[in-house]
Amino acid sequence: MIRVQQIGKRFKKIAALDGVSFEIARGETFALLGPNGSGKTTLLKCLAGLIRPSNGEVRINGIDPAREPIAAAAAFSYLPQRVAFPEQITGREVLEFYCRLRKVPLSRINIALEHCAIGQAADRLVSEFSGGMMQRLGIAVALLADAPILLLDEPAASLDPESAAGLRTLLASLKESGKTIVFSSHVLSDVDRLADRVAILVSGRLRAVETMDAIRAHLNTEAVLHIRLNNLHKRFCDVAIAAGGEHAQCSTDGLAIAARPSLRPRILHSLEEAGADIVSFATSEPSLEDVYLRYIHEDPADLSSGDPGRLREPAAAAG
């Protein structure tokens, strides 16, 4: 449905995007992660046809949005990072304008208002809207056309916790209905809950494209079981590895064993059978934030070094 092949975008001497490739399937929810200035907004604008890549190509249902914007626009709705509407008209009038612009029936207005929980505030002037209400109005505009693809740049920006929770519920519902959703976010919990795959951008380059299932599997591999014993001995490391541990280390603090959660009971039982006098045990679980920060701060060569606990850097488009 969406194909990005080796696109780059330069603004004078600055490379906002450099050799980015991936594919997004119909019905997939695809998240863009990266620090400020990593190229997420530029990438979404290339998908929406608002800017033309300096090189490479973008295809939405086989159509180049930069060359055929009207044909491509029928397939998607785009929510920019910062929304702005004329202040001296009401929220409802904003929606009526966009209905006429996109040639959709006015009956879609009430559906969009209900989805975004704007209610009677729709009849207030835009000048009276808070930042969160303005963002909700922008989301309502994006939902008017009932397009199969949603391109959302920081959709939770400016939303209070209640509204953000409502947005997550809405996006989950749209995902269930078969929409293809591409969104950028700094809220890692939203990515974890909603995304099928995540792309991590750093300085305009694609560091990784991974499924959330693969990321969770890597996180499970990197979980560490910490065990304190009265009779600490190096031989217990071998016992732990034989019972399924990825690796084990013995120190003055006890044993540190990398193992999947499902194998921890077996490892503990094997240690007890081998004579270990266990005082206590606890686990430390890495998070999506740990993965994200690793890609932001570590060298790309280290990330693709073959360590089984590390995610891979994609060499080509992931479909």
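Loop only per DSSP, at most 10 neighbouring Cβ atoms within 10 Å: give me the trypsin sites (Lys or Arg not before Pro) in the stretch 53-123, ordered by residue number. Present the calculation step by step, with values, prior to reporting the outcome.
Details: sites: Arg59, Arg67, Arg82, Arg92, Arg100, Arg102, Lys103, Arg108; in loops: Arg67, Arg82, Lys103.
Hits after loop and neighbour filter: Lys103.
Residue order for Lys179, Lys234, fewest other beta carbons within 10 angstrom first, comes to Lys234, Lys179. Taking θ as phi - 60°, what are the ³J(HN,Hα) couplings along the stretch 80-94 by the Karplus curve (6.51, -1.76, 1.60), each to the nearest whole Hz, with x for Gly and Pro? Values per residue, Gly and Pro as x: x, 5, 10, 9, 8, 9, x, 7, 9, 10, 7, x, 5, 5, 4 Hz. Kindly identify the stretch 100-189 as rounded, prolate or oblate by the Cα gyration tensor criterion: order the square roots of the eigenvalues as a ≥ b ≥ c, call it rounded if a/c is under 1.5, otherwise compare a/b with b/c, prolate if a/b is larger, else oblate. It is oblate, given that a/c is not under 1.5 and a/b is not larger than b/c. For the pair Ala214 and Lys103, a Förster radius of 35 Å applied to the C-beta separation gives a FRET efficiency near 0.30, rounded to the nearest 0.05. Along the stretch 148-159 the Karplus relation, 6.51 cos²θ - 1.76 cosθ + 1.60 evaluated at θ = phi - 60°, assigns HN-Hα couplings of x, 10, 10, 10, 10, 9, 6, x, 8, 4, 6, 7 Hz to successive residues, with x for each Gly and Pro.
Within the straight-line cut-off of under 22 Å between alpha carbons, the lysines reachable from Lys13 are Lys40, Lys45, sequence neighbours fewer than 8 places apart in one chain being disregarded. Its Cα centre serving as origin, the stretch 224-284 has a Cβ charge dipole (Lys and Arg +1, Asp and Glu -1) of approximately 100 debye.
Over the C-alpha trace of the stretch 128-282, radius of gyration and Dmax come out as 23.1, 71 angstrom.
Here Val279, Val126, Val94 are placed in order of increasing Cβ neighbour count within 10 Å, fewest first, which gives Val279, Val126, Val94.
Pull out a ≥ b ≥ c, the square roots of the eigenvalues of the alpha-carbon gyration tensor of the stretch 224-284, then state rounded if a/c is under 1.5, prolate if not and a/b is larger than b/c, and oblate in the remaining case. Taking the square roots of the gyration eigenvalues as a ≥ b ≥ c, the stretch 224-284 is rounded.
What number, rounded to the nearest 500 deg cm²/dmol, is the helix-based mean residue ellipticity at 222 nm of the chain, given -39500 (n - 2.57) per DSSP H run of at least four residues and division by all its residues? Walk me through the numbers on the way to the answer.
On the way: 12 runs with 114 residues, N = 319.
Result for the chain: -10500 deg cm²/dmol, rounded to the nearest 500.
By DSSP, the beta bridges lying fully in the chain are antiparallel in about 65 percent of cases. For Arg207, nonlocal amide neighbours, meaning residues 5 or more places apart or on other chains whose placed amide H falls under 5 Å from its own, are Ile200, Leu201, Val202.
Per residue, how much space in cubic angstrom lies within the convex hull of the C-alpha atoms of the chain? Spell out each step's value before the answer.
Details: hull volume 50.3 nm³, N = 319.
Expressed per residue, the convex hull around the Cα atoms of the chain is 158 Å³.
For Thr283, Thr252, the sequence from fewest to most other C-beta atoms within 10 Å is Thr252, Thr283. As a length-normalised measure over Cα pairs under 8 Å and 6 or more apart, the relative contact order of the chain settles at 20 percent. Dipole orientation for the stretch 224-284: of the candidates Val239, Leu225, Ser251, Leu225 has the Cα lying most toward the positive pole (charges on Cβ; Lys, Arg +1; Asp, Glu -1).
On a C-alpha basis, how far is the centre of the stretch 121-185 from the centre of the stretch 65-93 in Å? Whole number, if you could? Here the answer is 13 Å between Cα centres. Between Pro148, Pro286, Pro161, the Gaussian network model of the chain with springs among Cα atoms under 10 angstrom shows the greatest mean-square fluctuation at Pro161.
Every number here is computed from the coordinates shown, using simple stated rules; none is lab data. Here the structure is a predicted model, which means the values were calculated and not measured. Every residue, glycine among them, receives a Cβ derived from its backbone with ideal geometry; neighbour counts consider all protein chains shown.
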